[in-house]
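J.: My questions will all concern the structure given below.
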Amino acid sequence: MSNPIMQLALREWGQHLLTPTRVVIFVAISTVLTLAAPFDTGDRLLILPRFCYWSLLVWLGYSIGYFGDIVARKWLGPNGHIIAKTTVAGGLTGIGVFALVLILHRGFFAEWPDARLTLLIAANVFAISIIVSGVLQFTQQTTPQTQPTNATPRLLSRIPVHKRGALIAISVEDHYVRIITTKGEEMVLMRLSDAIGETAPSAGLQ
């Protein structure tokens, strides 16, 4: 039986991942890593398999981090401490990306990494995951402070730019909130009470 909540989560993830700007950034990062060929990938892989390796790691690694951030925000709520959010999001991302790297290593090199390389991979993956998660959590926490000067509801920052018009209405569907503006509508994974709290300074009735 299909799960409507999972379908909505996957749809939101697909829309987020495939925005033109993000696609260009991912391709650029994958190309740079392909040419730089870190971790001896230049010696062990030809350029096309190397590009595929780094592309999969970039796209899937980002996706793991995306869902890790969603889980952290859902567990801890919008008022959760930044250190707690960073720990949860970074830890979940680190576990997922570490498993991904091991699987890609096995698939592309036909072997599992030895103990020394496994420890090196784990140290790098978890350090990067924690640092990136911390930066993102700090950015998300500080960004709303500049929004009141534009008289823009914080809630609109959760939807794609091309749908950010005047806020018309919000409604709840399962674990999602439907945000309706003059430029379209979008489903966002959050609690209705949190969404209502982010509608200021827009006036309205509940």
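J.: Using a basic spin-label model with each label point 7 Å from the Cα along Cα→Cβ, how many nm lie between LEU60 and TRP13?
T.: 1.3 nm
J.: Report, to two decimal places, the Cα Rg of the chain normalised by 2.2 N^0.38 Å (N = number of residues).
T.: Dividing the Cα Rg of the chain by 2.2 N^0.38 Å gives 1.18.
J.: What's the angle, to the nearest 10 degrees (0 to 90), between helix 4-17's Cα axis and the longest principal axis of the chain?
T.: Helix 4-17 sits at roughly 70 degrees to that axis.
J.: I would also like to ask the following. Rounded to the nearest 0.05, what FRET efficiency is calculated for ALA84 and ILE47 with R0 set to 35 Å and r the Cβ-Cβ distance?
T.: 0.25
J.: Compare the peptides 160-168, 83-91 by average per-residue count of other Cβ atoms within 10 angstrom and give them in order, highest first.
T.: 83-91, 160-168
J.: Return one number: the angle in degrees, 0 to 90 and rounded to the nearest 10, between the long axis of the Cα atoms of helix 115-142 and the longest principal axis of the Cα atoms of the chain.
T.: Between helix and principal axis, roughly 20 degrees.
J.: Counting Lys +1, Arg +1, Asp -1, Glu -1, what net charge surrounds PHE67 among other residues with beta carbon under 12 Å of its beta carbon?
T.: Every neighbour counted, the sum reads 0.
J.: Any idea how far the Cα center of the stretch 56-103 sits from the one of the stretch 165-206, in Å?
T.: Going from one Cα centre to the other spans 25 Å.
J.: Follow-up question, since we're still on this one. Quick one: net charge around ARG191, please, counting Lys, Arg +1 and Asp, Glu -1 for every other residue with C-beta under 15 Å from its C-beta.
T.: +1
J.: Ranking request for peptides 188-196, 31-39, 108-116: highest mean number of other beta-carbon atoms within 10 Å first, then the rest in descending order.
T.: Final packing ranking: 188-196, 31-39, 108-116.
J.: So what is the accessible area of the chain per residue, in Å², with the probe set to 1.4 Å?
T.: Each residue of the chain exposes 60 Å² on average to a 1.4 Å probe.
J.: Projected onto the charge dipole of the chain (+1 at Lys/Arg Cβ, -1 at Asp/Glu Cβ, origin at the Cα centre), which of THR87, VAL161, SER55 gives the Cα projection farthest towards the positive end?
T.: With unit charges placed on the Cβ atoms, the residue in question is VAL161.
J.: Related question: Just to be sure I understand: with springs between alpha-carbon atoms less than 10 Å apart, which residue in GLY65, GLY184, GLY96 has the highest mean-square fluctuation in the Gaussian network model of the chain?
T.: Fluctuation is largest for GLY184.
J.: Continuing with this model, one more query. Lysines within cross-link reach of LYS85: Cα-Cα under 21 Å, excluding same-chain residues under 8 positions apart?
T.: Here the lysines satisfying the reach criterion relative to LYS85 are LYS74.
J.: Also, quick follow-up: Using a 1.4 angstrom probe with every protein chain in place, what is the largest-first accessible-area order of VAL24, VAL71?
T.: VAL24, VAL71
J.: Right, here's the next one. Report the calculated FRET efficiency for LEU102 and ALA166 (r = Cβ-Cβ distance, R0 = 41 Å), to the nearest 0.05.
T.: Approximately 0.30, to the nearest 0.05.
The values are calculated or read from the model by the stated rules, or taken from the named source; none is laboratory data. Because the structure is a prediction, the values reported are computed rather than measured. Cβ coordinates were reconstructed from backbone atoms using ideal geometry, including for glycine residues, and neighbour counts include every protein chain displayed. Areas reflect the complete protein model, heavy atoms only, side chains present, ligands, DNA and RNA absent. Shrake-Rupley method; radii C 1.70, N 1.55, O 1.52, S 1.80 Å.
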